[in-house]
Amino acid sequence: MASRAWADRVLQLLRGMNSFYSAGSRRSQCLPFEVDGVQVGWVPLLVASQLETYAEVFSVSRGGAVSLSPRLNSYESRSEAVDVVLQTLRRQALFSCLRGWRDEKYSVMARFCDPPLMWMERAATSLFGVKRYGVHINAYTVSTSGELSMWLARRSATKQTYPGLLDNMAAGGLAAGVSVKHTAVKECEEEACVPASLANKAVPVSTVSYTYEDEEGVFAESQFVFDLELPQDFRPAVGDGEVQEFYLLPITEVQQLLATDDFKPNSAMVVLDFLIRHSFIHPDTEPLYQDFVTGLHQQL
């Protein structure tokens with residue numbers, strides 16, 4: 001059984017990653033963001049006050065919601081009109097998150113299974129609290145004696161977010177119009193030089209979902225989780241420069257690292273999910289087992 005100090009630290013991580021729905025959050029200071037009558041996010045009041053300037057695109061009702069002009073009645077018209085506003089806000093440097101502009105389009109919809117209502121620049125999604133989706137790959141090996149080890153990546157020191165922290169072997173955001181499996185294979189190839197023939201063996205096993213807030217807005221995220229067993233003689237290699245190094249570590253060591261500040265928080269959640277699914281964390285020996293499971297699978 002892991003120590004109580006380890007468990008408390010992991011629980012603290014989960015609570016932080018679900019801070020938007022905790023007592024004392026700024027949820028009460030956000031307005032629903034609606035597109036075509038459907039709520040797709042949460043807009044902080046500070047952001048809403050800036051959007052009022054663009055009445056031809058946004059309608060802001062006090063105590064009500066932020067919505068788009070009725071004349072914007074198609075995927076293309078909504079996407080283009082909102083992007084023009086965001087480009088303007090970017091030039092004005094009003095919001096720090098827009099300094100990380102990526103030219104990546106993210107789909108906006110109430111549920112993943114719904115048809116997208118529009119696309120939005122990735123860096124701006126936290127201003128509207130729209131749901132963001134990504135893919136994370138747990139890469140691991142099993143020795144001839146049955147011992148499991150996991151491949152971890154050390155993020156590049158120049159990454160826009162969480163530079164230098166430990167991460168899953170490969171991970172990436174889900175761009176508009178791109179499938180989940182294609183993204184998983186692409187990220188394995190680009191970040192870790194895993195050939196497609198091997199990356200295609202990755203198996204979808206779970207999702208990890210959470211909503212947190214910080215000074216850049218509201219982050220409602222869900223990660224599609226894949227497990228990929230790699231041959232013992234395979235070694236990931238640095239590909240696109242987003243990673244500086246890879247490590248193959250015993251799963252017991254990986255478990256201990258989850259309770260440190262050395263792990264990217266949402267990636268730590270993905271590894272925690274792996275540990276639970278593979279029975280390295282068991283309800284008979286971990287009193288906080290149910291709290292862990294609940295914290296990993298919050299409804300967005």
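The values are calculated or read from the model by the stated rules, or taken from the named source; none is laboratory data. The structure displayed is predicted, hence computed values, not measured ones. Please note: Cβ atoms are built from the backbone with ideal geometry, for glycine as well, and neighbour counts cover all protein chains shown.
Among the candidates SER126, SER149, the residue that is in contact (Cβ under 8 Å) with a residue 12 or more places away in the chain, under 22 Å from LEU275 (Cβ atoms) and not charged (D, E, K, R) is uniquely SER149. Selection of the stretch 36-73 for residues being closer than 23 Å to TYR21 by Cβ and part of a loop (DSSP other than H, G, I, E, B) yields GLY63, GLY64, ALA65.
Take LEU248 and tell me if it is touching a helix residue (DSSP H, G or I) at 6+ places or on another chain (Cβ under 9 Å) and either closer than 19 Å to THR141 by Cβ or without any contact (Cβ under 8 Å) to a residue 12 or more places away in the chain (or both). Criteria not met by LEU248.
Residue by residue, here is whether (1) out of contact with any helix residue (DSSP H, G or I) (no Cβ under 9 Å at 6 or more places or on another chain); (2) farther than 17 Å from GLU213 by Cβ holds:
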position	(1), (2)
ASP8	yes, yes
LEU14	no, no
SER22	no, no
ARG27	no, no
ASP36	no, yes
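Every condition in (1) in a strand (DSSP E or B); (2) farther than 21 Å from PRO236 by Cα is met by ASN138 except one, and the failing one is (2).
So that you can scan it fast, the table gives a plain yes or no per residue for (1) at pLDDT 95 or above; (2) surrounded by fewer than 13 Cβ atoms within 10 Å (Cβ to Cβ); (3) within 13 Å of ASN168 (Cα to Cα):
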{"position": "GLU253", "(1), (2), (3)": "yes, yes, no"}
{"position": "ASN266", "(1), (2), (3)": "yes, no, yes"}
{"position": "HIS282", "(1), (2), (3)": "yes, yes, no"}
{"position": "LEU296", "(1), (2), (3)": "yes, no, no"}
{"position": "GLN299", "(1), (2), (3)": "no, yes, no"}
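Exactly one residue out of VAL270, VAL243, VAL254 is in the same structural domain as PRO163 (by TED's automatic domain parsing), in contact with a His (Cβ under 6 Å, 6 or more places away or on another chain) and in contact (Cβ under 8 Å) with a residue 24 or more places away in the chain, and it is VAL270. The listed residues are ARG27, ARG9, and the only one of them that is at pLDDT below 95 and basic (Lys, Arg) turns out to be ARG27.
Could you tell me whether GLY64 is of a type in the set (Gly, Ala, Ser) and outside the structural domain of GLU213 (by TED's automatic domain parsing)? When the stated conditions are applied, GLY64 passes them.
Of all residues in the stretch 4-28 being of a type in the set (S, T, N, Q) and free of Cβ contacts under 8 Å to residues at least 60 places away in the same chain, which is farthest from GLY129 (Cα to Cα)? Going through the qualifying residues, I end up with GLN12. In the stretch 247-294, the qualifying residues are those that are under 22 Å from the mean Cα position of the chain (by Cα) and among the acidic types (Asp, Glu), and the one that is nearest to SER222 (Cα to Cα) is ASP273. Looking at GLU190, GLU216, just one residue is in contact (Cβ under 8 Å) with a residue 24 or more places away in the chain, charged (D, E, K, R), farther than 22 Å from GLN244 by Cα and surrounded by 15 or more Cβ atoms within 10 Å (Cβ to Cβ), and that residue is GLU216.
Checking each residue of the stretch 54-73 against the condition of being under 14 Å from LEU127 (Cβ atoms), in contact (Cβ under 8 Å) with a residue 12 or more places away in the chain and of a type in the set (Gly, Ala, Ser) gives no match. In the stretch 230-249, the condition of being touching an Asp or Glu at 6+ places or on another chain (Cβ under 9 Å), under 27 Å from LEU300 (Cα atoms) and modelled with pLDDT of 95 or more is met by no residue.
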